[in-house]
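See below for the structure under consideration.
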Amino acid sequence: MALTFSAYLFQEREKVSWLNDEAILLLGEIASATKEIAGKVRKAGLLGILGSAGKFNVQGEEVQKLDELANEILIESLKNCGKACQITSEEVEECLVVSESGYAVAFDPLDGSSNIDVNVSIGTIFSVHKDSVMKRGRELLAAGYVIYGPSTMLVVSLGNGVSAFTLDPESGNYLLSHPEVKLPEKGKIYSINEANREKWLSKGLREFIDYLKGEKYTLRYVGSMVADVHRTLFKGGIFIYPADKKNTSGKLRLLYEASPMAFLVEQAGGLASTGEADILDVVPSELHQRVPVILGSKWEVNKCLEFIKGEA
């Protein structure tokens, strides 16, 4: 039988210096919370938890009922496990400080909210730092996401590569299904909201997209970062969410989306950049800081940066 996520963590403890019993308990609690969220997602239409919650989050975005529920499940799980010193969510304005030291967890409880009501893949993104969330991604201990799609998958890195687990509905366990996820050096898919093309601040980016079309690349864009990055991670290619006239600093959040996904992509052999610097080297200045995101296979990311840096 395939290795369970819990057994995997105990196995990796021999290789990962920071992975002790407390960290294993914390990661196990995050995994358990996502199983509960997965159950709510599957039955959302029957439970009456689709649609808007009638409020807006700190980002000024409309909160969905399922967003709110997923956020509550994760916060309560992390508080109850007693191993998190800081808990911060995309949906909450302030960081919840539980103690002075321990593990600091940042998460997007339900990425891709606009897709909830139309039954398209959505997900949970999380990251773990030591003591404080206000650190650059290069210092992350662990990061991962769960995608709620045709199957529920947990994709995680402890800083020693990327592994993926599939939730077995019969046993209720995450089972190791992809022991070593490696991003192809080069792909044939690009993922960007091309409807915003005329709003992009970078002329070089527009030229890069035209170049990819000439190279017969295929456009695939779901509008859920988890779904788009998951495809990129397994198939190769490039995912881009650039700065534009409306979001001049980018739209995706550094702590909750960009940094953990960049960590996973780099651990799988890819690259992640803001267009000016590696995402993992950006030091956060505020909890809800936004950055442009360019990530994926090395070839495409490097080629994109060539176009952007050559536009001057």
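Taken over segment 189-230, the criterion of being surrounded by fewer than 20 Cβ atoms within 10 Å (Cβ to Cβ), among the charged types (D, E, K, R) and either in the same structural domain as GLY149 (by TED's automatic domain parsing) or within 18 Å of VAL291 (Cβ to Cβ) (or both) is satisfied by LYS199 alone. Counting residues in segment 103-117 that are modelled with pLDDT of 95 or more and more than 14 Å from TYR256 (Cβ to Cβ) gives one or more. Can you find a residue that is in a loop (DSSP other than H, G, I, E, B) and of a type in the set (Asp, Glu) anywhere in segment 206-227? Yes, segment 206-227 contains a residue that is in a loop (DSSP other than H, G, I, E, B) and of a type in the set (Asp, Glu).
With the requirement that a residue be closer than 24 Å to ASP210 by Cα, touching a strand residue (DSSP E or B) at 6+ places or on another chain (Cβ under 7 Å) and basic (Lys, Arg), what does segment 278-312 give you? Hit for segment 278-312 is LYS298, nothing else. Would you check if there is a residue in segment 8-23 being closer than 17 Å to GLY123 by Cα, at pLDDT 95 or above and within 21 Å of the chain's Cα centre (by Cα)? No, that holds for no residue. Any idea which residue in segment 157-167 is surrounded by the most Cβ atoms within 10 Å (Cβ to Cβ), counting only those that are touching a Ser or Thr at 6+ places or on another chain (Cβ under 9 Å) and touching a residue at least 60 places away in the same chain (Cβ under 8 Å)? So, considering only residues that are touching a Ser or Thr at 6+ places or on another chain (Cβ under 9 Å) and touching a residue at least 60 places away in the same chain (Cβ under 8 Å), the one surrounded by the most Cβ atoms within 10 Å (Cβ to Cβ) is PHE165.
Applying a threshold of 8 Å to beta carbon distances and a minimum spacing of six or more residues, or different chains, the list of pairs starting in segment 132-147 at a residue that is without any contact (Cβ under 8 Å) to a residue 24 or more places away in the chain and ending at one that is assigned to a strand (DSSP E or B) and basic (Lys, Arg) reads GLU139/LYS130. Against the condition among the polar types (S, T, N, Q) and under 20 Å from GLU286 (Cβ atoms), how does SER132 come out, does it pass? Answer is yes for this residue. Scanning segment 169-190 for residues that are touching a residue at least 60 places away in the same chain (Cβ under 8 Å) and not in a loop (DSSP other than H, G, I, E, B) returns ASN173, TYR174, LEU175, LEU176, SER177, TYR190. Quick check on my filter: what residues within segment 192-205 are touching a Phe, Trp or Tyr at 6+ places or on another chain (Cβ under 7 Å) and part of a loop (DSSP other than H, G, I, E, B)? Across segment 192-205, the qualifying residues are ILE192, ASN193. Tell me yes or no: at least one residue of segment 233-241 is surrounded by fewer than 16 Cβ atoms within 10 Å (Cβ to Cβ), more than 30 Å from GLY28 (Cβ to Cβ) and in contact with a helix residue (DSSP H, G or I) (Cβ under 7 Å, 6 or more places away or on another chain). For segment 233-241, residues surrounded by fewer than 16 Cβ atoms within 10 Å (Cβ to Cβ), more than 30 Å from GLY28 (Cβ to Cβ) and in contact with a helix residue (DSSP H, G or I) (Cβ under 7 Å, 6 or more places away or on another chain): absent.
Filtered by the rule that a residue be within 16 Å of ILE24 (Cα to Cα) and not in a strand (DSSP E or B), segment 143-168 gives LEU158, GLY159, ASN160.
The values are calculated or read from the model by the stated rules, or taken from the named source; none is laboratory data. If you're wondering where the values come from, they're calculated on a predicted model, not measured in any experiment. Methodologically, a virtual Cβ is constructed for each residue, glycine included, from the backbone with ideal geometry; neighbour enumeration extends over all protein chains shown.
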